[in-house]
Structure formats: C-alpha cells, structure tokens
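Encoded as structure tokens, the structure appears first; notes follow it.
The values are calculated or read from the model by the stated rules, or taken from the named source; none is laboratory data. Being a predicted model, the structure only gives us computed values, none of them experimental. All Cβ positions, even for glycine, are placed from backbone atoms using ideal geometry, and neighbour counts span all protein chains on display.
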Amino acid sequence: MASQAPVQAAPSLSPASKKLLIDISLFALSQVVLFVGIKWFLSSYDPQQKERKKSSEEARKIFKRLGIKALELSEHEEVIATEVIHPEDIKVSFSDIAGLDTHIQDLRESVIYPLTHPSLFAGSSLLQAPKGVLLYGPPGCGKTMMAKALAAESGATFINVHVSTLTEKWFGESQKLVRAVFSLAVKLSPSIIFIDEIDSFLRERRSNDHEAMSMMKAEFMSLWDGLTTGDNARVLVLGATNRPNDIDKAILRRMPKRYALRLPDGSQRVKVLQLLLQDTPLADGFAFDALASHTVGYSGSDLKELCRVAAMIPVKEFIRKSETNRSAAASSSSFSFTPIPSADPDADTASSQATLRPLTLQDFMAAASERRAHDEMDAGEDAPGVVNGGDITEWLARATAAAVAAGAEAEAKAKANGNGNGVHERDSARGKVEEWSDADEGKGDGLD
C-alpha cells in the first residue's frame, strides 16, 4: 500500500502581523465611515438640496405629461425645466384676441410657419425664423396674451423664464442657469423662451451695474447668438415690455421682429367688446358703436374690467331685491326661518340666470362713471362737494344716477341716428392718453 504524502500546515501569522492587519482594516473602515459621515453632514446642511430635489421631481412630472422619456438633464437644467408650461395649461388662442388681425397674420407667417414647417424654409438661410420677437405697448393691451397664443398655435415648448429663477446668491450660479435655459431649449426644440417685462432683466448696460447682473446679460447675449443656438436650432426668444426704450440696443438688435400693441382704436374696441360680451345676455339693439365711442383711451384690460363691473349690476339688483322680499316676508310672519338651499346647485344657477335682466348701455355708463370717480380719487382730485379722503358714497350715488340718465339719453339718440353718433365723448377726467395713444401712430416707436 502506497504511503500518502504528509499534509503541510499553512504558515501561521505572527502576533505582530495579525495586529498590523487588524489595524489596517480598522483604519480603512474608519476612513469609510468618516467619508460617509462628512458627506451626509454636508448634504444635510446644503441650503439648495431640498430645492434641487423638488426641481427634479417637478421636472419629471412635466416631462411625463409632455411624453418625453430618457432625457438626461443637468442639475441646472432641472431647475429651468420647472418653468416649462404644458400646452394643455395654455387656454389662449388667436381666436380669443380681437382687433389685432394684422399682427396675428404676420406672426403666423414669420414665426409660426418656420417653427411648424421647417422643411419649407430649409432652402435658404434667409428663410429662417427670427431669433427674437419683441411685443411692446402700454399695460393691458394683450402682450402676454399674444405670447401665450403664439406658443399654443405653434405647438412649441413654452419656457416661461422668471428673473427670480435665474438669480442666485452663489457666484457663478446665475450664469450656469442662463446657459441651462438655452441648452434645455435646444433639447426641447422647437421651443419659445418667453421673458415678460424683459426691460427689468435686459435693460441698457451701464458702468454702475452690479457685476453679477452684467455677467448674466453677457452670458445671455453670447448664448443667444452662440454655437449652441445656430441656424438649425429652432429656438425663439420672445419678450414683452411696456418700456422698450430701456432695453439694451444689443438686445434689440437680436429682436428684428417688433410689434407695437397700442391702445385699441374705435373699430378695435368694438371687436374687443363683442368678444368679451359674446356669452352675456344683452338688451335688444345693443349699441356697440356707442359704447366704443364712450371708451376712448381704454386698453383691452380696461374694457374687460368695465364689462365685469357692468355685468355685476344686474346681479346686485337681483340680490338686493331678494333680500328685500325676504325681509318683508320675515317681518310679516311671527317667526323667522332659514331658507333651505336647493340640493341641485345647477338648478339655482339656472333660476338666477333666468331672473337676471340683460345688460343695457346704462349699465356700462354707470360702470364707467364709477371708474372715473376712483381714478379722480387716485389722482388726488377732490370730487365736487367732497373733501379729499372723505366719504364719497353720496357723490358716487349722484354720479351713477347722472351716468344712468346720460346713458339712457345716449342710447335713445343712438337708436334714433342708427350709428351711435349721439353719444358724447368720454369725460376728460379719465385722464390724458399719453405716448401710447392713437395720436402717436405717426411719430414712430423710437426703436432703431
């Protein structure tokens, strides 16, 4: 029987080697624990950690609604992605804008078609869409509304950039956010970068400007004409302002298409009023021309507020009448009761709508008179017989009654003349129409 080779035992470590190995292991483990602890401590006290996490979650939700998957974004692009507006959230279209047909048609031809039909404009570099569009005019004339309609009609990604999103207290972060605006716009192209009140951000540069703001402007302009936004990048910068002369000339150069949205003239006011009142019951033979001639100098926003105040008059009358009848019924009864609300709120609404009378021209005259009264008080002018700062209720009542009487007379004259020429011009107490009035059409816009 063959003899087996003896098994050699593994060499054992000396006590000193064992101690050294244990020390090395403990040192490595302590360094790992120290690294993890310091990282956790710094991240827990990072002031921007929660904001970055929130921005990342909001960006994922927005891209999920847009149907965009597997889009890699940087840390700063995720912050800008929270400014992206979903097309379903834009409830405005060009059909909701009245009196600006010429501007709308020009925007369709020069902005929307190059974005939606790029193949038609690929034959020449001269057929590219403009890189910048400026909408300017007095407040309340539809600049923001036009921008929303432009985004909705073009189907482009709408990035509504706020200056507060771009400003950071950490040096260099603002420039990175500005760069992220354009890099994200290129990734989501065709896209529109909208900056409302652009004069507050890209105003004319001066020597006393803060260094951080100067660097932001320089970064914005370099990226606007930079390599990342070349001729093939379908990115449009859209700005709106009511102070175009404050914008830097270098920015105006990058906005070759400029549209002046001025105060509406007589025919435009008629179209705006017809659009605002299309779903409102009106008296037979309502004279839109008479109302338009009585609202000289009103912006689109002013006309909307005027219609809202006038529409509230029948509602107030109905409520006061109901309260009077209820008080009379309660006083004639020996007990009081609380009306039980209807189980069907739609039934109550339909009943109330059926009871409300249609709007008449007198309602708008009363609303305009109330507006003039508040304008006079805001301007520091004393109403007749009223001490400044005192109670104007009585004077408002007299002014409203006078406006109702004047409206009835104007409506009668308008029906008699057939064209609304019997209505007097609106009282000059409304205030002078300044640089944005129709009288300035021939003076130019002052933009080179």
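Do any residues in region 288-317 that are at negative phi have Cβ atoms under 7 Å from those of residues that are outside any helix (DSSP H, G or I) and of a type in the set (S, T, N, Q), where the two are at least six apart or on different chains, and which pairs are they?
Asp289/Asn419; Leu303/Thr295; Leu306/Thr295; Ala311/Thr280
Restricting to region 73-117, and then to whatever is free of Cβ contacts under 8 Å to residues at least 40 places away in the same chain, part of a helix (DSSP H, G or I) and loosely packed, with under 15 Cβ neighbours inside 10 Å, can you tell me which residue is nearest to the chain's Cα centre (by Cα)?
Asp89
Find the residue count for region 155-169, including only residues that are outside any loop (DSSP other than H, G, I, E, B) and aliphatic (A, V, I, L, M).
Of all residues in region 155-169, those outside any loop (DSSP other than H, G, I, E, B) come to 157-160, 163-166.
Narrowing further to those that are aliphatic (A, V, I, L, M): 159, 163, 166.
Result for region 155-169: 3.
Look at Ala70 and say whether it is in a loop (DSSP other than H, G, I, E, B), of a type in the set (Gly, Ala, Ser), at pLDDT below 85 and surrounded by fewer than 16 Cβ atoms within 10 Å (Cβ to Cβ).
Details: in a loop (DSSP other than H, G, I, E, B): yes; of a type in the set (Gly, Ala, Ser): yes; at pLDDT below 85: yes; surrounded by fewer than 16 Cβ atoms within 10 Å (Cβ to Cβ): yes.
Yes, satisfied.
Picking from Phe194, Phe220, which residue would you name as being in contact (Cβ under 8 Å) with a residue 12 or more places away in the chain and out of contact with any strand residue (DSSP E or B) (no Cβ under 6 Å at 6 or more places or on another chain)?
Of Phe194, Phe220, the one residue that is in contact (Cβ under 8 Å) with a residue 12 or more places away in the chain and out of contact with any strand residue (DSSP E or B) (no Cβ under 6 Å at 6 or more places or on another chain) is Phe220.
Check whether at least one residue in region 277-291 is touching a helix residue (DSSP H, G or I) at 6+ places or on another chain (Cβ under 9 Å), closer than 30 Å to Ala218 by Cα and outside any helix (DSSP H, G or I), and report yes or no.
Scanning region 277-291, I find no residue that is touching a helix residue (DSSP H, G or I) at 6+ places or on another chain (Cβ under 9 Å), closer than 30 Å to Ala218 by Cα and outside any helix (DSSP H, G or I), so the answer is no.
Any chance you could count how many residues in region 152-165 are more than 15 Å from Gly132 (Cβ to Cβ) and within 12 Å of the chain's Cα centre (by Cα)?
Number satisfying all stated conditions: 3.
Taking Ser43 and the conditions (1) surrounded by 10 or more Cβ atoms within 10 Å (Cβ to Cβ); (2) part of a helix (DSSP H, G or I); (3) modelled with pLDDT under 75, which numbered condition does it fall short on, given that it satisfies the others?
With (1) surrounded by 10 or more Cβ atoms within 10 Å (Cβ to Cβ); (2) part of a helix (DSSP H, G or I); (3) modelled with pLDDT under 75 applied to Ser43, the lone miss is (1).
Looking for whichever is at pLDDT 85 or above, in the same structural domain as Thr157 (by TED's automatic domain parsing) and among the hydroxyl-bearing types (Ser, Thr, Tyr) here; the options are Ser93, Ser119, Ser56. Which one fits? Before the answer, list the steps.
Numbers: Ser119 fails: at pLDDT 85 or above; Ser56 fails: at pLDDT 85 or above.
Among Ser93, Ser119, Ser56, only Ser93 is at pLDDT 85 or above, in the same structural domain as Thr157 (by TED's automatic domain parsing) and among the hydroxyl-bearing types (Ser, Thr, Tyr).
Return yes or no: is Glu173 closer than 25 Å to Arg262 by Cα, surrounded by fewer than 18 Cβ atoms within 10 Å (Cβ to Cβ) and among the charged types (D, E, K, R)?
Against the criterion (closer than 25 Å to Arg262 by Cα, surrounded by fewer than 18 Cβ atoms within 10 Å (Cβ to Cβ) and among the charged types (D, E, K, R)), Glu173 does not qualify.
Filter region 139-191 for residues that are modelled with pLDDT under 85 and aromatic (Phe, Trp, Tyr) and give the result.
Trp170, Phe171
From the list Thr167, Thr157, which one is of a type outside the set (Lys, Arg) and surrounded by 22 or more Cβ atoms within 10 Å (Cβ to Cβ)? So that I can check it myself, show each step before the final result.
On the way: Thr167 fails: surrounded by 22 or more Cβ atoms within 10 Å (Cβ to Cβ).
The conditions single out Thr157.
Could we say that Met215 is without any contact (Cβ under 8 Å) to a residue 60 or more places away in the chain and hydrophobic (A, V, I, L, M, F, W, C) here? Spell out how you get there, then give the answer.
On the way: without any contact (Cβ under 8 Å) to a residue 60 or more places away in the chain: yes; hydrophobic (A, V, I, L, M, F, W, C): yes.
In short, yes.
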